[in-house]
Amino acid sequence: MCCNANQRVVKEENDKNKDIPDRGKKRRKSSIRKPKLLGMRQRESVIFNKTENQLEIFENLLNLYNSPKDVINLKNNPEPLIKLGIDSKQFSTILEELYFFVQKSEQLKEAERRIKDRKARKKNGNK
């Protein structure tokens, strides 16, 4: 025998604890961040270096065209961009960034939905 009874009990408890996932690292809702225009600075965005008025225009576009399908339609029909006074040379850049933020927003909604579903399953499972 390699070890006494106390060491064996401790070893068995340690083996059991390996199977239990670390519950201290739960993902909290606050850990999910909404995409913000500040992310544009990190991406060295063309939009970020523009005036406040142009940033406001981009935010409005982001609010109006809030799905990837909307952004694709905007790409095919750029009249709203022309009406807003956006230079045609920047259409592709603006549309790319708009699509990026819309995708991030969609990912956020999906993550929040999964969290709600998980909480609902937990709640129903405990009853």
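Things worth noting here:
- Selected residue (only one of 119, 29 is surrounded by 10 or more Cβ atoms within 10 Å (Cβ to Cβ) and modelled with pLDDT of 85 or more): 119
Residues are listed down the side, and each one gets a yes or a no for (1) more than 27 Å from residue 57 (Cα to Cα); (2) touching a helix residue (DSSP H, G or I) at 6+ places or on another chain (Cβ under 9 Å); (3) of a type outside the set (S, T, N, Q):
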site	(1), (2), (3)
70	no, yes, yes
83	no, no, yes
86	no, yes, yes
92	no, yes, no
103	no, yes, no
122	yes, no, yes
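- Screening the stretch 83-127 for residues that are at negative phi and not in a helix (DSSP H, G or I) and picking the one that is farthest from the chain's Cα centre (by Cα) gives 127.
- Test: residue in the stretch 73-82 that is at pLDDT 80 or above, surrounded by 11 or more Cβ atoms within 10 Å (Cβ to Cβ) and outside any helix (DSSP H, G or I): yes
The values are calculated or read from the model by the stated rules, or taken from the named source; none is laboratory data. What you see is a predicted model; the values in this text were computed from it and never measured. With ideal geometry, Cβ positions are generated from the backbone for all residues, glycine too; neighbour counts draw on all protein chains shown.
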